[in-house]
Amino acid sequence: MGIDDELYQETILEHYKSKKRRHAIANADMQREGMNPLCGDDITLFVKMNDGVIEDASFEGTGCSICIASADMLCASVIGKTLAQASAIIASFKGMLLRDQSPDFPDDLSDLEAMKGVKKFPVRIKCALLSWNTLEHMIETKEKA
Ligand code: ZN
């Protein structure tokens, strides 16, 4: 079985093809660029807050299919969540890919488990985590401010 069969599952492809969250947010409250030189992934993440809740999240840039699909999944997952809830989702996602933890995602986020297969290809884990690390950093920086 080729690497593509393992990696490019239907869910991942759907997120990769989706254009819904691939745009800048002009009046974003948080914005941060993330780069993965190993692969050439380079994305900028945008977050718009409203009353303590992430009202909108999107990204733009270029990257491999895993990076783009994962960024789309991230944005879809955190919209409607508080920063604390977003941090918990990030921790769970990173635990799944980095520490072999079985993820404990809410039902509406079960899509995220589709990324589990990436674990078998260590070089692609950085691609999958780029947007997640970028948001994590964004939240940490904001909380310090
Ligand atoms: Zn990549």
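Against the definition (within 27 Å of Asn27 (Cα to Cα) and among the polar types (S, T, N, Q)), how does Ser87 come out, yes or no?
So Ser87 fits the description; yes.
In region 113-145, how many are out of contact with any helix residue (DSSP H, G or I) (no Cβ under 6 Å at 6 or more places or on another chain), among the hydrophobic types (A, V, I, L, M, F, W, C) and within 17 Å of Ile54 (Cβ to Cβ)?
So the answer is 3.
If we keep just the residues of region 66-87 that are under 16 Å from Lys142 (Cβ atoms) and assigned to a helix (DSSP H, G or I), which is nearest to the ligand (Cβ to nearest atom)?
Out of the qualifying residues, it is Val78.
What's the number of the only condition in (1) touching a residue at least 12 places away in the same chain (Cβ under 8 Å); (2) surrounded by 13 or more Cβ atoms within 10 Å (Cβ to Cβ); (3) aliphatic (A, V, I, L, M) that Ala91 fails to meet?
(1)
Filter region 31-65 for residues that are aliphatic (A, V, I, L, M), modelled with pLDDT of 95 or more and either touching a helix residue (DSSP H, G or I) at 6+ places or on another chain (Cβ under 6 Å) or within 16 Å of the ligand (Cβ to nearest atom) (or both) and give the result.
Met35, Ile43, Leu45, Ile54, Ala57
When you go through Asp29, Asp51, Asp41 one by one, which is the residue that is under 21 Å from Met138 (Cα atoms), among the acidic types (Asp, Glu) and buried (at least 19 other Cβ atoms within 10 Å of the Cβ)?
The unique qualifying residue is Asp41.
Which residue, of Pro122, Pro106, is surrounded by fewer than 15 Cβ atoms within 10 Å (Cβ to Cβ) and within 16 Å of the ligand (Cβ to nearest atom)?
None of the others qualify; the one that does is Pro122.
Scan region 7-30 for residues that are within 15 Å of the chain's Cα centre (by Cα) and under 9 Å from Phe59 (Cα atoms) and jot them down.
Arg21, Arg22, His23
Suppose we filter Asp111, Asp72 for residues that are in contact with a His (Cβ under 8 Å, 6 or more places away or on another chain), surrounded by 16 or more Cβ atoms within 10 Å (Cβ to Cβ) and modelled with pLDDT under 95; which single one remains?
Testing whether each residue is in contact with a His (Cβ under 8 Å, 6 or more places away or on another chain), surrounded by 16 or more Cβ atoms within 10 Å (Cβ to Cβ) and modelled with pLDDT under 95 leaves just Asp111.
What are the residues in region 49-65 that are in a strand (DSSP E or B) and small (Gly, Ala, Ser), if any?
Those that are in a strand (DSSP E or B) and small (Gly, Ala, Ser): Ala57, Ser58, Gly61.
The values are calculated or read from the model by the stated rules, or taken from the named source; none is laboratory data. Just so we're clear, the structure is a prediction, and the values are computed from it rather than from any experiment. Ideal geometry is used to build each Cβ from the backbone, glycine not excepted, and the neighbour counts take in all protein chains shown.
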